[in-house]
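Enquirer: Sharing a structure here in structure tokens format.
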Amino acid sequence: VELKELLPHLEYAFLGDNGKWPVIIAKDLSSNEKTDLINVLKNQKKAIAWKLTNIKGIDPEFCSHKILLEEEHSPKVQS
């Protein structure tokens, strides 16, 4: 997994060994708060949806945004 640079008030924590399962947490948490948060996240890993399609009970079609175009127009990529 490629880790991106974070805002100054954020940092990465890992739920797995060797940098696996990165999560982003607040930097200003105390050491005990970080440990407690990471333990809760590790214990509840199966409840975390890493992708939209992994969320149980919610149809991905419900969460998807679609823009309907008129037939005479083609999609364009904007930068």
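The values are calculated or read from the model by the stated rules, or taken from the named source; none is laboratory data. Worth saying up front: this structure is predicted, and the values here are computed from it rather than measured. Positions of Cβ are generated from backbone atoms using ideal geometry, with glycine treated the same way; all protein chains shown enter the neighbour counts.
Enquirer: Considering region 59-79 alone, what residues qualify as being assigned to a helix (DSSP H, G or I) and either among the polar types (S, T, N, Q) or surrounded by 10 or more Cβ atoms within 10 Å (Cβ to Cβ) (or both)?
Expert: Pro60, Cys63
Enquirer: With Lys45, Lys27, Lys34 as the choices, which residue is of a type outside the set (Phe, Trp, Tyr), surrounded by 10 or more Cβ atoms within 10 Å (Cβ to Cβ) and in contact (Cβ under 8 Å) with a residue 24 or more places away in the chain?
Expert: Exactly one of Lys45, Lys27, Lys34 is of a type outside the set (Phe, Trp, Tyr), surrounded by 10 or more Cβ atoms within 10 Å (Cβ to Cβ) and in contact (Cβ under 8 Å) with a residue 24 or more places away in the chain, namely Lys45.
Enquirer: Among the residues of region 1-53 satisfying the criterion of being of a type in the set (Val, Ile, Thr) and not in a strand (DSSP E or B), which is nearest to Cys63 (Cα to Cα)?
Expert: Thr53
Enquirer: Go over the candidates Ile48, Ile38, Ile25 one by one and state the one that is among the β-branched types (Val, Ile, Thr), within 18 Å of Val1 (Cα to Cα) and modelled with pLDDT of 90 or more.
Expert: Ile25
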